[in-house]
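Visitor: This is the structure I have questions about; it appears just below.
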Amino acid sequence: MHVMIFGCGFSGTAIAKAFAGGGVRVSGTTRSAEKMEALSRDGIEAFLFDGETLEDRLRESLAGVTHLVQSIAPGKADPLLRLLGEDDAGLLPRLEWIGYLSTVGVYGDHKGAWINEETPCVPVSGRSKERLEAEEGWLAMGERRGVPAAILRLSGIYGPGRNAFCNLEKGTARRLIKKDQVFNRIRVEDIGSAARFLSDHRLGGIYNVTDDRPGPPQDVIVEAARLMGVEPPPEQAFETADLSPMARSFYGENKRVSNAKLKAAGFEFSFPDYPISLAQLWQDERWRG
């Protein structure tokens, strides 16, 4: 088995670790030489990929790839689909499974209602519209090649080094209050485990990779502060907060995302909700990464 992860960042590295061992060759791409060194330290064979061209070494490596994971945001179009073009069978002759990391943002706003993979997508942001187009492209490629293509729709990602504890320590945590607002989350290790599970079972199609407990974002800050034994930041009305356009757009979508389909397939989450997950990060002293 040769797994190639395009865009081997926070989630991609977790996926790499989930596949590692047992003679599996794990490769990943990044944009900088500095990050290549970090990937190599994690035991990941590193390649440079700028989203524009496939360098010769990377192109040659694709010939042996059996499991392809695409984690790079699309921009105007998916950079990898564009480069593979009609020659994907020539470049990836041994392909057995595709994983594409998408976002629950493709569903748009559902005013706090529960949704699942059958819920119509009404994406609000341009980013989410691009994701939806990329999803369709990867599903079409899987169909054309006769291999399973799994779309992993991810909710808010956190884990070691990226969490409410870190924000509290840095002084950047904010307790924004917006009436009835809820978000789902997903621990990064569960993204890795889900990708491995879907590939091991040769599953394709769309799966929500998200926790069991959608809730108000301020509650996560309060729970993390409680575990740390510090005072949470004061409440602040969302309407008066100084936010970037991207941060504000996240609050424009309100939904409760179900993971029932992935569980029905047999997957078990290691971190099904944020209280369990935060407690583990704190007790194991792994929260800083």
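Visitor: How big is the charge dipole of the stretch 170-211 about its Cα centre, in debye rounded to the nearest 20, if each Lys and Arg gets +1 on its Cβ and each Asp and Glu gets -1 on its Cβ? Before the final figure, lay out each step's value.
Guide: Working: 9 positive and 5 negative charges, 78 e Å.
Computed about the Cα centre, the dipole is about 380 debye.
Visitor: Using only the alpha carbons of the stretch 120-191, determine the length spanned along each of the three principal axes and report them from longest to shortest in whole angstroms.
Guide: 49, 28, 18
Visitor: Residue by residue through the stretch 108-124, what is 3J(HN,Hα) from phi via Karplus (6.51 cos²θ - 1.76 cosθ + 1.60, θ = phi - 60°)? Round to whole Hz and write x for glycine and proline.
Guide: Each residue's phi maps through the Karplus curve to give x, 9, 10, 6, x, 6, 6, 10, 9, 5, 8, 5, x, 8, 10, x, 8 Hz.
Visitor: Next question. By the scheme Lys and Arg +1, Asp and Glu -1, what is the net charge of all other residues having a beta-carbon under 15 Å from that of Gly43?
Guide: +1
Visitor: Per-residue ellipticity at 222 nm for the chain, helices alone: DSSP H runs ≥ 4 residues times -39500 (n - 2.57), over residue total, nearest 500 deg cm²/dmol?
Guide: Calculated at 222 nm, the ellipticity per residue is -10500 deg cm²/dmol.
Visitor: Are there trypsin sites (Lys or Arg not before Pro) in the stretch 82-156 that DSSP puts in a loop and that have at most 10 other Cβ atoms within 10 Å, and which ones?
Guide: The qualifying sites are Lys111.
Visitor: Which one, Phe165, Ser244, Pro216, projects farthest toward the positive side of the charge dipole computed for the stretch 158-289 from Cβ point charges (K/R +1, D/E -1)?
Guide: Ser244
Visitor: Can you give the charge dipole size of the chain about its Cα centre, rounded to the nearest 20 debye, using +1 on the beta carbon of Lys and Arg and -1 on the beta carbon of Asp and Glu?
Guide: Using Cβ point charges on Lys, Arg, Asp and Glu, the chain gives about 340 debye.
Visitor: Can you tally the lysine pairs in the chain where the Cα-Cα distance is under 27 Å and the two residues are eight or more apart, or on different chains?
Guide: Value for the chain: 23.
Visitor: Once neighbouring chains are kept in place and the probe is 1.4 Å, which whole percent of the accessible area of the chain is contributed by carbon and sulfur?
Guide: In the chain, the share of accessible area belonging to carbon and sulfur is 51 percent.
Visitor: Just how many % of Cα pairs in the chain lie over 28 Å apart, if you round to the nearest whole percent?
Guide: Value for the chain (Cα pairs over 28 Å): 38 percent.
Visitor: Now for a different question. Rg and Dmax in Å for the stretch 173-223, alpha carbons only: what are they?
Guide: 14.7, 42
Visitor: From the square roots a ≥ b ≥ c of the eigenvalues of the alpha-carbon gyration tensor of the stretch 1-72, which class results: rounded (a/c under 1.5), prolate (a/b over b/c), or oblate?
Guide: Oblate, because a/c is 1.5 or more while a/b does not exceed b/c.
Visitor: A further question follows. About the Cα centre, and with charges only on the beta carbon of Lys, Arg (+1) and Asp, Glu (-1), how big is the dipole of the stretch 43-169? Nearest 20 debye, please.
Guide: Numbers: 13 positive and 20 negative charges, 68 e Å.
Here the stretch 43-169 has a charge dipole of around 320 debye.
Visitor: Pull out a ≥ b ≥ c, the square roots of the eigenvalues of the alpha-carbon gyration tensor of the stretch 1-157, then state rounded if a/c is under 1.5, prolate if not and a/b is larger than b/c, and oblate in the remaining case. Show your work: numbers first, answer last.
Guide: On the way: a/c = 1.75, a/b = 1.50, b/c = 1.17.
Note, shape of the stretch 1-157 comes out prolate.
Visitor: I'd like the FRET efficiency for Ala264 and Val124, computed as 1/(1 + (r/R0)^6) with the beta carbon distance as r and R0 of 41 Å, rounded to 0.05.
Guide: Once rounded, the FRET efficiency stands at 0.90.
Visitor: Looking at the chain, what % of its DSSP beta bridges pair antiparallel, to the nearest 5?
Guide: Of all bridge pairs located within the chain, approximately 5 percent are antiparallel.
The values are calculated or read from the model by the stated rules, or taken from the named source; none is laboratory data. These numbers were taken from a predicted model, which means no experiment stands behind them. Glycine gets a Cβ as well: all are built from the backbone with ideal geometry, and neighbour counts include every protein chain shown. Remember, those area values only see protein heavy atoms, side chains included, never the ligands or the DNA or RNA. Shrake-Rupley method; radii C 1.70, N 1.55, O 1.52, S 1.80 Å.
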